[in-house]
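J.: Here it is, the structure in full.
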Amino acid sequence: MNKLLVVVDYQKDFVSGALGFAGAQALEQPILLRVRKTLDEGGKVLFTRDTHTADYLSTREGKFLPVPHCIEGTPGWHLEGQLAAYEGGVPGTALLDKPTFGAANIADAVRGLCGGEPDEIELCGVVTSICVVSNAVLLHSSFLNARITLLASLSAAPDPADQAAAERLLRGMGYGIEP
Ligand SMILES: [Zn+2]
């Protein structure tokens, strides 16, 4: 069983910084435990990091969401709290910096980390209705036999209605939803 956990954008700016929210802050310990459990069981963990440059406000995303965040190298760009320890090259893990919601090269990053197509992919992190969904769809489109599950209680959106909408959307496309 080749299992992968993808932790989407659990960065300071989405948790306690520019775009932070209480629902994200509550996830630090549960995500940390899930990361440790996955690694203990021989699985792999991929952390995505939203990564922008100083000209963010002039980009398409910046016009849609005019709040500078996750500027590369700033404190807000780094993973939140104890998860930051995984930015140091921990065996079984990898980091993937991405310039907008979905990481166009996520499939290659996963193949590199897992040595091929994983049998099972779990997703958690923030924001469920934006970056988690975007990367879930990319993974689903690239890995045709992997079972892909959203860990609902380890993901969050500022508006609970958006969380529910994202879960409904993914369920409707055949993803697993773990409560
Ligand atoms: Zn962004």
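Readers should treat all values here as calculations from the given coordinates under stated rules, not as data from a laboratory. It should be emphasised that the depicted structure is a prediction, and the values quoted were computed from it without experimental measurement. Cβ placement follows ideal geometry from the backbone for every residue including glycine, while neighbour counts extend to all protein chains displayed.
J.: Quick check for you: which residues of the range 118-145 have the amide N under 18 Å from the point 7 Å beyond the Cα of PHE64 toward its beta carbon?
T.: 126-139
J.: For the chain, find the longest principal axis of its Cα atoms and tell me its angle to the long axis of helix 160-172, 0 to 90°, nearest 10.
T.: In the chain, helix 160-172 runs at an angle near 40 degrees to the longest axis.
J.: Also, quick follow-up: Quick one: among LYS37, LYS63, LYS12, which has the greatest mean-square fluctuation in a GNM of the chain with alpha-carbon springs under 10 angstrom?
T.: Among LYS37, LYS63, LYS12, the largest mean-square fluctuation in the Gaussian network model of the chain belongs to LYS63.
J.: If you build a Gaussian network model of the chain, linking Cα atoms that sit under 10 Å apart, which residue out of GLY81, GLY43, GLY62 swings the most?
T.: Per the Cα network of the chain with a 10 Å cutoff, GLY62 tops the list.
J.: Measuring from label point to label point, each 7 Å out along Cα→Cβ, what is the VAL137 to GLU41 span in nm?
T.: So the two model labels end up 2.8 nm from each other.
J.: In angstroms, what radius of gyration and Dmax does the range 113-159 have, counting Cα atoms only?
T.: When restricted to Cα atoms, the range 113-159 yields Rg and Dmax of 11.2, 37 Å.
J.: Can you pull the Kirkwood radius for the chain, inverse mean 1/r over Cα pairs, to one decimal in Å? Before the final figure, lay out the partial values.
T.: Working: mean 1/r = 0.0624 Å⁻¹.
With all distinct Cα pairs of the chain included, I get 16.0 Å.
J.: Can you tell me which of GLN11, GLN82, GLN163 moves the most in a GNM of the chain? Springs connect C-alpha atoms under 10 Å apart.
T.: Between GLN11, GLN82, GLN163, it is GLN82 that shows the largest mean-square fluctuation.
J.: Looking only at the range 1-151, where both bridge partners belong to it, what percent of the DSSP beta bridges are antiparallel (to the nearest 5)?
T.: On the way: 1 of 23 bridges.
Around 5 percent antiparallel, to the nearest 5.
J.: Given contacts defined as C-alpha pairs under 8 Å and at least six residues apart, what's the relative contact order of the chain, whole-number percent?
T.: Numbers: 338 pairs, mean separation 47.7, N = 179.
With pairs under 8 Å counted, the relative contact order is 27 percent.
J.: In addition: Quick one: angle between helix 133-142 and the longest Cα principal axis of the chain, in degrees between 0 and 90, rounded to 10, please.
T.: In the chain, helix 133-142 runs at an angle near 40 degrees to the longest axis.
J.: Which net charge results for the neighbourhood of GLY125, defined as the other residues with beta-carbon distances under 11 angstrom from its beta-carbon, given Lys and Arg at +1 and Asp and Glu at -1? Walk me through the intermediate numbers first.
T.: On the way: positive: ARG34, ARG49; negative: ASP9, ASP50, GLU80, GLU122.
Within the 11 Å Cβ shell, the charges total -2.
J.: To continue, here is another question. What FRET efficiency, computed as 1/(1 + (r/R0)^6) with R0 = 22 Å and r the Cβ-Cβ distance, is obtained for PHE21 and ASP108, rounded to the nearest 0.05? Mind dumping the intermediate values first?
T.: Working: r = 31 Å, r/R0 = 1.42.
After rounding, the FRET efficiency stands at 0.10.
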